[in-house]
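One structure below.
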Amino acid sequence: MISLAQAPPLLHGRLHHLPTKRRSPFTVRSSSTLQEINKAEERELRPELYASVPFPPIKAAKRVVLVRHGQSTWNEEGRIQGSSNFSVLTKKGEAQAETSRYMLFDDSFDVCFSSPLIRSKRTAEIIWGIREEEIITDSDLREIDLYSFQGLLKHEGKAKFGPAYRQWQVDAANFNIDGHYPVRELWGRARNCWTKILAHESKSVLVVAHNAVNQALVATAIGLGTEYFRVLLQSNCGVSVLDFTPRIEGGSPYICLNRLNQTPSSPVATGSSGGRKTSKRIILICQGSTQDTEPSLSNSGDQPMNMLGVIQAQKNAELLLDLKVSAIVSSPSNACAETATIISRVQEAADCLGADCVPRYVEMKNIQDLDVAEILRQSTKDTIDVSSLRPGWLNGLDDGVMSTLWEQSGRAWSSLLTELSNESEKEKIVVAVGHPSVYVAMMGHCLNLTKEWLGSFHLDAGSVSVVDFPDGPTGRGIIRCINYTAHLGRWSIPITRSTVDDESF
């Protein structure tokens with residue numbers, strides 16, 4: 001097993017002052033990355049400073065698959081792990097790693113990077129299996145350093161550290177312990193990791209690490225700062241995929257989050273989001289595949305689903321079977337309306353599977369702003385391959401079309417939040433069905449970004465994305481998963497694809 005020495009933190013450059021409140025607009029940043037500035041002399045907790053540091057150029061397309069380790073003994077105990085190295089995988093954790101191995105079994109990885117900590121290294125060994133190439137361990141991939149917190153049960157941390165523990169829970173970006181800002185340090189380490197990963201001569205990379213460091217890797221890749229800590233979930237053995245595509249003119253590559261947190265278990269199962277219980281949820285379902293004979297922007301949107309699309313819709317209905325969906329909202333387009341109807345029928349019949357049949361009523365409605373077909377037809381760049389919806393394809397739209405899409409998707413997102421805000425229901429789940437492009441834009445609105453981020457996310461036909469609201473619809477959305485397709489089985493697009501003859505994946 002090869003080990004990399006820890007690299008020194010990068011130095012800062014141009015400064016940006018970022019607000020921390022959700023409703024305040026964030027400073028606009030390009031999809032490269034943000035480098036944390038470590039000012040050890042600061043004693044007051046204040047919004048952090050960042051420097052914009054582009055990624056190094058790459059010669060060929062590169063796909064990076066991130067996996068968090070399986071459940072550990074300290075996960076099970078509720079003990080704060082940090083970068084300590086005393087916990088090991090539980091039997092459940094070993095089984096989760098095996099599931100991830102099968103999920104990635106046919107993928108042509110060139111190299112595997114791993115954290116040196118036991119729980120992560122063991123997960124990497126299980127997933128890597130019989131491949132002959134050595135696993136490269138890198139200390140920068142270790143979990144977040146939590147200093148005096150490490151080893152404590154959560155209630156012990158609360159009792160011993162009081163206000164500091166509270167700040168760790170509610171304002172982690174400014175959390176200080178033992179003279180350190182752990183989240184800020186973590187963002188710097190993540191940036192160092194990307195420099196080494198992108199410099200490696202490989203096209204398909206597996207990285208096995210931890211919850212917080214994987215969050216930091218995703219965030220720094222698409223240009224998000226430490227205020228996004230605990231916003232992009234990383235579950236045990238959750239898989240996230242990032243695509244790096246070289247620019248013709250050189251410089252920092254195009255970067256797209258192909259999927260986030262594809263887990264061995266169901267993404268809609270009850271549980272916490274970022275360690276907090278949630279009772280309000282939006283589930284975004286992309287319409288099934290359509291009958292386009294010659295797919296293009298000029299004919300997108302009005303086609304009915306083909307047989308594959310119907311199967312995808314049925315699989316989505318099955319995924320939601322055990323949930324009590326409060327409302328289903330849909331674009332009025334044919335494929336979306338068909339998908340919504342299939343989900344509604346299964347939901348209404350869900351309580352009639354036993355002897356006592358009590359049909360469940362599910363409210364259905366159309367939201368016109370979810371229909372973006374007319375907007376996509378306005379693009380003069382009709383050579384875009386919408387059939388494959390390749391990662392970052394929205395970058396190819398005209399600027400005016402992108403602006404119109406962004407504005408309309410913002411209105412649609414506001415409508416969904418209004419739908420979720422009914423105070424008469426303590427628990428509410430809203431399912432929305434639309435075209436992938438409108439949901440890519442919604443991810444940006446959820447994260448308070450701008451239209452420049454439209455190329456930073458990707459969704460496939462039939463995929464599921466889940467956003468939780470622990471503080472209600474007026475609070476910050478926690479993204480549980482993006483572009484989840486494991487439930488589609490053989491009808492899904494693989495998590496990764498061979499890169500031998502496919503430069504752009």
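Here are Lys160, Lys154: which of them is out of contact with any helix residue (DSSP H, G or I) (no Cβ under 7 Å at 6 or more places or on another chain) and closer than 20 Å to Ser235 by Cβ?
Lys154
Please enumerate the residues belonging to region 174-203 that are over 12 Å from Phe113 (Cβ atoms), open to solvent by less than 20 Å² (accessible area, probe 1.4 Å) and small (Gly, Ala, Ser).
Residues satisfying the conditions are Gly188, Ala190.
For region 435-474, what are the residues that are open to solvent by less than 10 Å² (accessible area, probe 1.4 Å) and part of a loop (DSSP other than H, G, I, E, B)?
Answer for region 435-474, where residues must be open to solvent by less than 10 Å² (accessible area, probe 1.4 Å) and part of a loop (DSSP other than H, G, I, E, B): Leu447, His458, Leu459, Asp460, Gly462, Ser463, Phe469.
Could you grab the pairs with beta carbons closer than 7 Å, sequence gap of 6+ or different chains, first residue in region 232-249 and in a loop (DSSP other than H, G, I, E, B), second one of a type in the set (Phe, Trp, Tyr) and open to solvent by 10 Å² or more (accessible area, probe 1.4 Å)?
Qualifying pairs under 7 Å: Arg247/Tyr254.
So Leu104 passes all but one of these: (1) modelled with pLDDT under 95; (2) open to solvent by 10 Å² or more (accessible area, probe 1.4 Å); (3) of a type in the set (A, V, I, L, M, F, W, C). Which condition number does it fail?
(2)
Residues being modelled with pLDDT of 90 or more, at positive phi and not polar (S, T, N, Q): count how many of those fall in region 451-505. Break it down stepwise before answering.
Our first condition is that a residue be modelled with pLDDT of 90 or more; within region 451-505, this holds for 451-488.
Going one step further and asking which of them are at positive phi, we end up with 462, 472, 483.
Now narrow it down to the ones that are not polar (S, T, N, Q): 462, 472.
Residues meeting the conditions: 2.
Take the residues in region 77-88 that are farther than 14 Å from Ala209 by Cβ and not polar (S, T, N, Q); name whichever of them is surrounded by the fewest Cβ atoms within 10 Å (Cβ to Cβ). Don't jump to the end; show me each part of the working.
Here is the first cut: in region 77-88, the ones farther than 14 Å from Ala209 by Cβ are 77-80, 84, 86-88.
Subsequent filtering for residues that are not polar (S, T, N, Q) retains 77-80, 86, 88.
Numbers: Glu77: 13, Gly78: 11, Arg79: 20, Ile80: 19, Phe86: 14, Val88: 14.
Per the stated criteria, the residue is Gly78.
Is there any pair linking a residue in region 456-478 that is basic (Lys, Arg) to one that is surrounded by fewer than 20 Cβ atoms within 10 Å (Cβ to Cβ), with Cβ under 6 Å and at least six apart or on different chains, and which?
Arg476/Arg22
Just give me the residues in region 390-415 being surrounded by fewer than 19 Cβ atoms within 10 Å (Cβ to Cβ) and touching a residue at least 60 places away in the same chain (Cβ under 8 Å), in sequence order.
Residues satisfying the conditions are Arg390, Asn395, Ser415.
The values are calculated or read from the model by the stated rules, or taken from the named source; none is laboratory data. Note that the structure is predicted; figures quoted are calculated from it, not measured. Neighbour counts run over all protein chains shown; Cβ positions are idealised from the backbone, glycine included. Only protein heavy atoms, including side chains, enter the accessible area calculation; ligands, DNA and RNA are left aside. Shrake-Rupley method; radii C 1.70, N 1.55, O 1.52, S 1.80 Å.
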